[in-house]
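Heads up: the structure comes next, in structure tokens.
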Amino acid sequence: MNLFLEFSLIGLASGGIYVLAALSFVIVYKATNIFNFATGEMMMFGTYFFYLFDTQLGFGWVAGLGMGLVSAALLALAIERTMLRPLLGRPHIVLVMVTFGVGSILRGFAGLFWGPNVRQLPEILPRKPIFLGDILVPGKLAWGFVTVGVIAGLFMLYYRYSRAGTAIRATSIDQVTAESLGINIRAVFLLAWALAGLLTAASGIITASVNGVTPQLGLVALNVLAVVMLAGMTSVGGVVIAGLFVGWMETIVGAYLGAAWQSFIPYLVVLVVMFVKPSGLFGEQRVERI
């Protein structure tokens, strides 16, 4: 029983890493109706920004963290402004394919500038393991989970109670009505992408502080995709629950059935859920009149 509890806690802590990236998916989709397939690469590039300012340029981890997060937000704004804004009004599939292309470009640049080898980040999370009775939880995972909880909590408060959050929610319901009420929807688009840049960078830095960063770090977003689809594309709170569940499920399946099962079980669960509830467990079922 203790072993099961230990695996469960490790799984929940691992799932917390998915939460921030999943929130970035949702916030962009709610504000712009764009499914951003470059989320993983934005996550990876934000991590490399931190590595650049902290280790390569020697600013230290505090300044490097701040500069890395700001750079990640600016990168997200540049993507929205230069590559997606000119395509407003085009079919959604066109915008989705552009995000695919952006992801490939970012991955290529990362491999060109930093190479394929693992780059280790500074020790920003305590390594000392935490004991809960006889249960051991790795220190970096535990403190990473706490950090994710704080960031996700602050984001959800901002989204729920700030005027900017209200503008994003109004835009997600009906862009035409929101603009007629005086909401600058183009500014909302920029805000959503900037928040996505911050969230993905934070997620990448926390992930890489455990395993290091390579240009393939963005592949973590494949698991985040399972989280988003399971929760529903429009549920901010739902992706938090789904992220923890997917992380727990991956760890339990990997521990008891092996890594081969771990790689596809989350998608099997998502497939079953989508058959029963196509909008996801917590998503809104939107009805469009033609």
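The values are calculated or read from the model by the stated rules, or taken from the named source; none is laboratory data. Because the structure is predicted, anything quoted here is derived from the model rather than measured. Backbone-built Cβ (ideal geometry, glycine too); neighbour counts: all protein chains shown. These area figures cover heavy atoms from the full protein model, side chains too; ligands, DNA and RNA do not enter into them. Shrake-Rupley method; radii C 1.70, N 1.55, O 1.52, S 1.80 Å.
Below, the figures for the structure above:
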| item | result |
| --- | --- |
| Chain lengthening between PHE100 and ARG160 when straightened (0.36 nm per residue, less Cα-Cα) | 18.6 nm |
| Protection proxy ranking, peptides 47-56, 154-163, average beta carbon neighbours within 10 Å, highest first | 47-56, 154-163 |
| Length released on extending from PHE59 to GLN216, taking residue separation times 0.36 nm less the Cα-Cα span | 54.0 nm |
| Given charges at beta-carbon only (K, R positive; D, E negative), |dipole| of the range 15-218 in Debye | 180 |
| Point-to-point label distance, VAL276-LEU112, nm (Cα→Cβ direction, 7 Å offset) | 4.8 |
| Solvent exposure of the chain as accessible area per residue, Å², 1.4 Å probe | 48 |
| Where the Cα pairs of the range 15-218 fall when distances are cut into 10 Å bins, in % | 9, 34, 33, 18, 6, 1 |
| Longest segment of the chain lacking GluC sites (Glu not before Pro) that sit in a DSSP loop with at most 10 other Cβ atoms within 10 Å | 124-287 |
| Neighbour cut-off at most 16 other Cβ (10 Å), DSSP loop, chymotrypsin sites (Phe, Trp or Tyr not before Pro), the range 187-290 | PHE264 |
| q = 0.13, 0.15, 0.21, 0.26 Å⁻¹: log10 I(q)/I(0) that the Debye formula gives for the range 231-287, counting C-alpha atoms only | -0.36, -0.46, -0.79, -1.00 |
| Amide proton proximity set for LEU281, modelled H, under 5 Å, gap of 5+ | ALA231, GLY232 |
| Helical mean residue ellipticity (222 nm; -39500 (n - 2.57) per DSSP H run of 4+; nearest 500) of the chain | -23500 deg cm²/dmol |
| Accessible surface of the chain, 1.4 Å probe, proportion on carbon and sulfur as whole % | 69 |
